[in-house]
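So the structure is just underneath, and the comments pick up after that.
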């Protein structure tokens, strides 16, 4: 699944003009990468709120690691997982825009947190995509223009606590 996501993103960057679209592309990419059967099989895992807390913590810790001022544009509402996977569940998306950064320390930190990290260079943009076994995704893109940090929590089945989120 990791290579499919990486190749989709690389093709999207190439079609969208490379560096010019890397600030717009995150909005188009946010969506769960889990298959519907993966969502159903994960019903014994964390709640939607626990998955969100873990995901937001990863974004916050990455910001702290990089330092500097960040513009937090996280979406506070749950969204369906059917965009890419057809899954019946909910996840949360986040987007942060911040200072320029070398990606080496970020990749090793994410790996320490249990993420598999792929590094891609598309023109002037260096991109890291980290995915974990639960299906959460972290994406860091940096160029001479800016750095974006975004991703999505794992997709969790709709439960009574999540149904109230709308």
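The values are calculated or read from the model by the stated rules, or taken from the named source; none is laboratory data. Being a predicted model, the structure only gives us computed values, none of them experimental. In this analysis, Cβ positions are derived from the backbone assuming ideal geometry, glycine residues included, and neighbour counts consider all displayed protein chains.
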Filter the stretch 125-146 down to the residues that are modelled with pLDDT under 90 and surrounded by fewer than 23 Cβ atoms within 10 Å (Cβ to Cβ), then identify the one that is nearest to residue 97 (Cα to Cα). 146
Single condition residue 114 does not satisfy, out of (1) over 21 Å from residue 73 (Cα atoms); (2) part of a strand (DSSP E or B); (3) under 17 Å from the mean Cα position of the chain (by Cα): (2)
Could you check the stretch 147-157 and list, in sequence order, the residues that are touching a strand residue (DSSP E or B) at 6+ places or on another chain (Cβ under 6 Å) and modelled with pLDDT under 90? 147, 155, 156, 157
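Yes or no, residue by residue, for (1) in contact with a helix residue (DSSP H, G or I) (Cβ under 7 Å, 6 or more places away or on another chain); (2) closer than 19 Å to residue 143 by Cα; (3) at pLDDT 50 or above:
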| position | (1), (2), (3) |
| --- | --- |
| 22 | yes, yes, no |
| 37 | no, no, no |
| 41 | no, no, no |
| 45 | no, no, yes |
| 54 | no, no, yes |
| 61 | no, no, yes |
Checking the structure you have, find out if any residue of the stretch 158-165 is modelled with pLDDT of 80 or more and either surrounded by 14 or more Cβ atoms within 10 Å (Cβ to Cβ) or within 18 Å of residue 54 (Cα to Cα) (or both). no
